[in-house]
Amino acid sequence: MSKAAVLILLGPPGAGKGTQARMLEEDFGLVQLSTGDLLRAAVAAGTEAGQRAKAVMEAGQLVSDDIVLAILQDRMAEPDTAKGIILDGFPRTAGQAEALDGLLATAGQEVTAAISLDVVDEAMVARVSGRYTCAKCGEGYHDEFKKPAQAGTCDKCGGADFKRRADDNAETVRERLNAYHAQTAPLIAYYGEKGVLKSVDAMGPIADIRAALSQIVKTASV
Ligand code: AP5
C-alpha cells in the first residue's frame, strides 16, 4: 500500500458505517475495508478463520484480534488499497488500534482521520433489524429509512434478490452494543489523544451525514 488516505469510521452497530463508507467510495474513489464483510465472506467460504468466527459473530461478540488482523492484513496488501482506504468496523479493540498503527508505520503511513458517528443506542436496534442488502452487489437498504426507488429492485445493479444478516435480530444487536461500549468506544479517546478524531452527529438523514463526512474528508486533504 503506498502513502494514501486512511480513514476510520467508528460507531456502534447501525451507526451507518457501511452506508457512509460506500458513499465515500463513490465520492472520493477510496476503498471500503469492512472487517465484518471480510469475516462474513470467510464464514461463507468455510475457511478455518471463518469456522472459528461464525459462532462468535452470531452471539454478537468480538472475533479474536489474531483472526481479524490476519484477514485485514491480507486485504490491505491488495493493490487497490493504494487509492486510500476507509476502515469500516476496524479497529474495535485497543490491540487492533495499536496493530494498525504498526502496520501503517511500516508502510510510512498514519491514520488521516478517525470519524466517530455519534448516535443514540436505542435507535440502533430499529435501524439494524430493518436492514437488508442486495444479494448481487451488496447495496444496503432499510425497510423504513432507505427503500429502493422501485420496490423489489436494487437501485444500483437491478438485482431482485435481497438478504438479511444472521446477527441482525434485536437480542444480538444489544450484545453488539454492549461489546461496542466495553471494547470499542475507548478508541474515541485514543484517537482524540493522537489529534485525528472528528465527530459527526449521525442521527439525521443519510444525505446530511454524507455531506458532513465529505467536508471532513476534503479538509483532511484526501
Ligand atoms: P460489522 O459487520 O462490522 O457490524 P456492526 O459494527 O455491528 O455494524 P453494522 O454493519 O451493524 O452497522 P453499520 O454502522 O455499518 O450500519 P449500516 O450502515 O449498515 O460486524 C459484525 C460482527 O463481525 C461483529 O459483531 C463481530 O462479531 C465481527 N467483527 C467485525 N469486525 C470486527 C473486528 N474488527 N474485531 C472483532 N470482531 C469483528 O446501517 C444500518 C441500517 O440503518 C441500514 O439499513 C441503513 O440503511 C440504515 N441507516 C444508516 N444510516 C441511517 C440514518 N442516518 N438514518 C436512518 N437509517 C440509517
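The values are calculated or read from the model by the stated rules, or taken from the named source; none is laboratory data. Please read all numbers here as calculations on a predicted model, not as lab measurements. Glycine gets a Cβ as well: all are built from the backbone with ideal geometry, and neighbour counts include every protein chain shown.
Yes/no per residue for (1) of a type in the set (G, A, S); (2) closer than 19 Å to K163 by Cβ; (3) in a loop (DSSP other than H, G, I, E, B):
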residue	(1), (2), (3)
A15	yes, no, yes
G18	yes, yes, no
L33	no, no, no
R40	no, yes, no
A49	yes, no, no
V56	no, no, no
D74	no, no, no
A82	yes, no, no
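Can you name every residue in segment 79-122 that is basic (K, R) and modelled with pLDDT under 95? Before the answer, list the steps.
Going residue by residue through segment 79-122, those that are basic (K, R) are 83, 92.
Matches in segment 79-122: K83 only.
Pick from F162, F90: which is within 21 Å of D65 (Cα to Cα), among the aromatic types (F, W, Y) and either more than 10 Å from the ligand (Cβ to nearest atom) or touching a helix residue (DSSP H, G or I) at 6+ places or on another chain (Cβ under 7 Å) (or both)?
F90
Please state which of the following conditions A4 fails to meet, knowing it meets all the rest: (1) more than 17 Å from the chain's Cα centre (by Cα); (2) assigned to a helix (DSSP H, G or I); (3) surrounded by fewer than 19 Cβ atoms within 10 Å (Cβ to Cβ).
Single failed check for A4: (2).
Being in contact with a helix residue (DSSP H, G or I) (Cβ under 7 Å, 6 or more places away or on another chain), near the ligand (Cβ under 7 Å from one of its atoms) and of a type in the set (D, E, K, R) is the filter here; which residues of segment 31-64 pass it?
Selection gives nothing.
Let me confirm something: among T153, T172, T133, T184, which residue is within 15 Å of the ligand (Cβ to nearest atom), surrounded by 12 or more Cβ atoms within 10 Å (Cβ to Cβ), over 24 Å from Q96 (Cα atoms) and polar (S, T, N, Q)?
The conditions single out T133.
If you take the residues of segment 100-113 that are surrounded by fewer than 19 Cβ atoms within 10 Å (Cβ to Cβ) and among the small types (G, A, S), which of them is farthest from V68 (Cα to Cα)?
The qualifying residue farthest from V68 (Cα to Cα) is G108.
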